[in-house]
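Here the structure is laid out as structure tokens; the discussion comes afterwards.
The values are calculated or read from the model by the stated rules, or taken from the named source; none is laboratory data. Computed from a predicted model, the values in this text were never measured in an experiment. A quick note on method: Cβ atoms are made from the backbone with ideal geometry, for glycine too, and the neighbour counts reach across all protein chains shown. To get the accessible areas, we keep the full protein, side chains included, count just its heavy atoms, and leave off ligands, DNA and RNA. Shrake-Rupley method; radii C 1.70, N 1.55, O 1.52, S 1.80 Å.
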Amino acid sequence: MHLELRHLRTIRAIHQAGGVGKAADLLNITQSALSHQLKGLEDQCGVELFVRKTKPLRLSSAGMRPLRPAEDILPKVRA
């Protein structure tokens, strides 16, 4: 699996916002673009990263794995 910074930003934003619409606003992209990006990432990983039957969206156990490095790496990149 090849993760890019945009993937880490996507996972963290959806986790923080609790949904794709609010996360798209945080990332200044359209909801459609974010949904496509998430779908591509999940296809690449071969697993669902979020449990979609819950509101707010909740990370699956597979989704928790990239969240940890996202929370570590993204602040360092921003600094």
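Worth pointing out:
- Tabulated pairs, region 51-69, first closer than 20 Å to H2 by Cβ and of a type in the set (G, A, S), second part of a helix (DSSP H, G or I) and open to solvent by less than 90 Å² (accessible area, probe 1.4 Å), C-beta under 8 angstrom, 6+ apart or interchain: A62/C45; G63/I11; G63/H15
- If you filter region 36-79 down to residues that are among the hydroxyl-bearing types (S, T, Y) and farther than 15 Å from T10 by Cβ, you find that the one that is modelled with the highest pLDDT is S61.
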